[in-house]
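Here's the structure we're looking at; comments come further down.
The values are calculated or read from the model by the stated rules, or taken from the named source; none is laboratory data. Everything quoted here is computed from the prediction, not taken from an experiment. All accessible areas refer to the heavy atoms of the entire protein, side chains included, with ligands and DNA or RNA removed. Shrake-Rupley method; radii C 1.70, N 1.55, O 1.52, S 1.80 Å.
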Amino acid sequence: MRATIMAVEAVLFLVSVIYTMLSFGKTEKIARRLGGAFLFCALLQLDYIILLSTEAFAIKEYMACLQYVFMDWTVLLLFFYCMGYVKISLKKSYMIIAISIVTVDCLIFLTNPLNNLAVQMKPYEYSDIQTVAEKVRPLFLIHPIICYSLNIIMIITLIMKCAKTQRLYRGKYIVVVAIVFSTMIGFLFDVPELVRTVILSCFMTTFELVAIYVVSYNIPKKNLANRLHAYVADNISDATILYDNEGQLINLNHRASDLFEKDICETSDKLLTYLGFPESDGVYKKKIRDGIYNISCNSLRDENGNVLGKTFIFYDITEVEAQIEREHTIAITDSLTGAYNRLGFLEASNEFLYHNESESGFAMIVSGIQNFKGLNAAYGTRAGDMVLKYIERRFYDYHLSYSMVYGRTAEGKYAVLAPFEAVEDITSGMTCIDVPVDEDLNIHVDMCHGYIVLDDIGKPLDYYYERALLALSDCKRTLSLTSLEYSYEMEERVQKRQFLVTQMHEALREKQFFIELQPQINLDTREVSGAEALVRWKHPKLGRISPAEFIPLFEENGFIVDLDVYVWEKAAMTVKELSDKGIYDGSISINISQIDIMNTDVAAALDRIVKKVGIPPSKLHVEITESACVDRRETLIKTLNSLREKGFIIEIDDFGSGYSSLNVLMSLPFDVVKLDMGFTRDNSLEGRSGIVITTIAKMIHDLDAIILVEGVETEKHVENTVAFGGDIVQGYYFSRPLQIEQFCEFVQKKK
Ligand code: C2E
Ligand code: CA
Ligand code: CA
């Protein structure tokens, strides 16, 4: 019996020592407190081992007294521990009182072998164990009073706390009350049976502290965490479904139960079948009911790779998808007409080709409004917008009769992808359009079309679009055609354009550009009163290149600015030279592109040139087309005003081509109006058009400006010009643009 008890005590002692050592390495407060408790357990056990192993009564007696000392401190420790546990801070004074009383009690027991103040020890044999028995003295009472009162305070505090706290936490206090109460029961055995006391109190104290730790620290936290997790799971917008290792449903949150019928998610296999997903983990996108979900299926595995459970999380991406869809719609839609824009058209065409077939094959048409800029300038952008919308509706009508895709792909351009058999119908039907913009105003719009047959569906649609566009720009140039099919020569021209770009800088350096002068004849004197300087390019390999070919190109890439300054200088120098030689004393007109106006200070540049060359500014006439700078009207007016202030003469070029605007006459400062050849050639002077032309001519004269008619090719044109009061003429009838020497001869002849 004795050996057994000693073995048990030794084991408990070792456990307590090891635990103490381990726990003091830990950083958590709770672990260190437990360590303290175990230290006392260890000492208690050591004490008892000594008590049992020795034969000397004096030592036995002393060890028995020490038991009380340890008991006191253990209870006090337990008390403090519980105080921390219920989060009650004790006043410092109370603490000092408590420790003092305990210390006094301890002193009584420590000195007891000398004075027997608390107990009178006698040898006592229990079973085969030699121990001691006590006869209690009055001072002994301090000891149970301390222990019991501390325990009672603890119990009361815990019960109060228990009453106040929420149900979830109540459990932990009840458990602690039970434990503390059981300690008291332990003390009740204290007096008669020392062995039992010792064993009980050792086990009890150890057990109590461990139990309190588990109950207070772990269980409520875990419960709470579970409850909180469940709460979070139920309140997030994503649905979650959890299965165990055998695929049986463990839990589904509110969102999930809204989303699925109960029997669909009974097992993970059923759910996978319903969703049509494979067994493997992954993220899949799927539409369920009215929503779109990113579904993440994941298996939770242990270290050995065995499946512990399976989770399904349904991230609701309906809103995100809708937003993306909205943004995409905006990105592919032309905000003015609501039709596709270029991006949308190409995208929809791809889709269309994927789903449609046509025996005649497909063609892509790009349709452009002739001189849309001029139309805007003449009638205003609001009317321009109405034209664009009206034309869109016309395409929409075709879309009802043919299976096709269309969109507005650039400012005045539309693109159509249609079966080839529809091309003729669409292009001829969309050529001359009268757009009603007001009750009494119809705007007449001409359209041109370029198209290409899709010979290889594998090619990107961009390829066809670019080529149809090419055909369109060619078609626009031929005044006679309204639609043109793409041909390989166009491509060659594109390559040629690209080649010209590579050559232009060198051409300017090598002086491949020069000017020709086209005489302007004064109808009164029949003498040369002026000349227009027109640039020419003589390329060493390509020969003469037409300005119609390179001017638009240089306007696109900005090189026109450099070229024009060169031409202006040449023109100024020619004025100077011919006048110095006494051959010609008139003016020379130069052309100004809108790119010049927007990118440089034209007035300053010309001023510098005339000063450098030494001619009066009035000898340079500046030609500007009426549609230039439609969107930057103020810049244009500023430039023209400052040119005029400096003494240059302003000519409005190409007036009457496209959409003439009386606005131009009202808002721009000018000295000469150049009526376009088309304006006089196509309209006879009889009837309505005659009235219009003569009225405009009168108006120009009333504004103190001179009328110059260009493109005069026949005797008849000259007669007409005289009839409506034109002052000056320019055109092939009198002369083509001439090299400078020929021009000099021409002037001499006319004198
Ligand atoms: P534009 O300013 O309208 O020049 C008149 C054009 O009409 C010239 O073509 C001229 O050769 C042509 N022309 C003259 N009389 C007749 C005629 O009786 N019948 C016909 N059918 N045409 C006639 P060109 O030289 O090919 O110039 C084309 C355009 O290139 C010019 O049109 C002008 O806008 C531009 N351009 C020419 N030189 C320059 C320049 O130095 N700078 C800038 N920015 N543009 C220029
Ligand atoms: Ca001109
Ligand atoms: Ca002109």
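Cross-link reach is defined here as a Cα-Cα straight distance under 26 Å, omitting same-chain residues fewer than 8 places apart; for Lys285 the lysines meeting it are Lys262, Lys270, Lys310. Can you bin region 445-519 into rounded, prolate or oblate? Criterion: square roots of the alpha carbon gyration tensor eigenvalues sorted a ≥ b ≥ c, rounded for a/c under 1.5, prolate for a/b above b/c, oblate for the rest. Note, shape of region 445-519 comes out oblate. Here region 347-420 is described by how far its Cα atoms reach on the three principal axes: 44, 20, 18 Å, from widest to narrowest. Looking at the chain, the DSSP beta bridges with both ends there are about 75 percent antiparallel. Axis angle, to the nearest 10 degrees, between helix 715-724 and the longest C-alpha principal axis of the chain: 80 degrees. Computed over Cα pairs, the Kirkwood radius of the chain leads via Stokes-Einstein (1.002 mPa s, 20 °C) to a diffusion coefficient of 58 µm² per second. Estimated from helices alone, the mean residue ellipticity of the chain at 222 nm is -18000 deg cm²/dmol (sum of -39500 (n - 2.57) over DSSP H runs with n ≥ 4, per residue). Taking every protein chain into account, the accessible area of the chain amounts to 50 square angstrom per residue (probe 1.4 Å).
For Lys511, the lysines whose Cα comes closer than 19 Å to its Cα, not counting residues fewer than 8 places off in the same chain, are Lys538, Lys541, Lys570. Couplings 3J(HN,Hα) for region 541-551, derived from phi with the Karplus relation 6.51 cos²θ - 1.76 cosθ + 1.60 (θ = phi - 60°), are 9, 7, x, 6, 10, 6, x, 4, 7, 9, 4 Hz, where x marks Gly and Pro.
Cross-link partners of Lys164 among lysines, defined as those whose alpha carbon lies under 24 angstrom from its own and excluding same-chain residues fewer than eight positions apart: Lys87, Lys91, Lys172, Lys221, Lys222. With contacts taken as Cα pairs under 8 Å at a separation of at least 6 residues, region 481-534 carries a relative contact order of 22 percent.
Axis angle, to the nearest 10 degrees, between helix 633-645 and the longest C-alpha principal axis of the chain: 50 degrees. Distance from the Cα centroid of region 352-375 to that of region 661-675 is 37 Å (rounded to whole angstrom).
Once the Cα atoms are used to define both axes, helix 2-25 deviates from the longest principal axis of the chain by about 30 degrees.
The portion of the accessible surface of the chain made up by carbon and sulfur, rounded to a whole percent, is 57 (1.4 Å probe; DNA, RNA and ligands excluded). In the calculated pair distance distribution of region 695-751, what percentage of Cα-Cα distances lie above 15 Å? Cα-Cα pairs in region 695-751 separated by more than 15 Å: 56 percent.
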